[in-house]
Amino acid sequence: MSNTKKTKLHVEQFEPSAGDNFSYLVYDSSTSQGVIIDAPEGCGILLHRAKKLGVTVEMLLLTHTHFDHTKGIKELLVVYSDLSIAVYKNGAAKIKHQQNIVLLEDGDTIAVGKKHLRVLHTPGHIPDAVCFYDNDFIFSGDTVFISSHGRTDFEGGNSSELHASFEKLRKLPDHLVLYAGHSYNGLVSTLGAEKNNY
């Protein structure tokens, strides 16, 4: 019988600017390797936190390419000039910093230390929208908020595609802790609690 204790990824939530955007530091404490999810203005503070924890940030994961989620990329590149930027494949051309782009596809897995996040393509709010999830958490970007969901009146928005993305999300476990892209109605929820809201 193994005495190995199952460990979860650690998640720290930040609201780095005067706006309502969230950014996340996600890391494996057993390897001190981590990623940042989304890069709003002011997200450089996550690097200070990572340094304090002794965590090496290896990649930026984008839930989508709207400006309020990408404006802080330059701040991250000042410290990590070779930082990889992972974005869904049809959104890559929208990223100004093209030197280390990682093209994501639906179903991909991303290593975070010894753990992994999975990629779920969830278009509707914007064609390049994705969610990242594992067995404990889901980072929903602007696809699902607490008590609400993403708008479809921006360029590329499509309500039929958003509905199809909701159906994908309904197949995931209710217990997943949901971390959204904005703080419109709170800080954290569960996917199960939000399934009645989309």
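Readers should treat all values here as calculations from the given coordinates under stated rules, not as data from a laboratory. Bear in mind that the values here come from a model prediction, so they are computed numbers and not experimental data. FYI the Cβ positions are ideal-geometry reconstructions off the backbone, even for glycines, and counts take in every protein chain you see.
What ranking of His175, His163, His66 emerges when the number of other C-beta atoms within 10 Å of each C-beta is taken as an exposure proxy, fewest first?
Ordered by Cβ neighbours within 10 Å, fewest first: His175, His163, His66.
Extension gain Thr7-Glu105, at 0.36 nm per residue separation less the Cα-Cα distance, in nm?
Numbers: separation 98, 0.36 × 98 = 35.28 nm, distance 2.67 nm.
Gain on stretching Thr7 to Glu105: 32.6 nm.
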Percent breakdown of C-alpha pair distances by 5 Å bin, ordered from the shortest bin, for the chain: 1, 8, 17, 21, 22, 16, 9, 4, 1, 0, 0
Among the lysines, select those whose C-alpha is under 28 Å from the C-alpha of Lys51, and discard any that sit fewer than 8 residues away in the same chain. Lys5, Lys6, Lys8, Lys71, Lys74, Lys96, Lys114, Lys115
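How big is the Kirkwood radius of the stretch 114-198, worked out from every pair of different alpha carbons and given in Å to one decimal?
Numbers: mean 1/r = 0.0795 Å⁻¹.
The Cα-based Kirkwood calculation yields 12.6 Å.
Summing +1 for each Lys or Arg and -1 for each Asp or Glu, what net charge is found among the other residues whose Cβ lies under 9 Å from the Cβ of His149? Write out the running numbers ahead of the final one.
Numbers: positive: Arg151; negative: Asp142, Glu194.
Net local charge, His149 excluded: -1.
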Can you spot the aspartates and glutamates whose alpha carbon is less than 12 Å from Lys94's alpha carbon? Ignore those fewer than 8 places along the same chain. Asp128
The answer for trypsin sites (Lys or Arg not before Pro) in the stretch 6-110 that fall in a DSSP coil and have at most 13 neighbouring Cβ atoms within 10 Å is Lys6, Lys8, Lys96
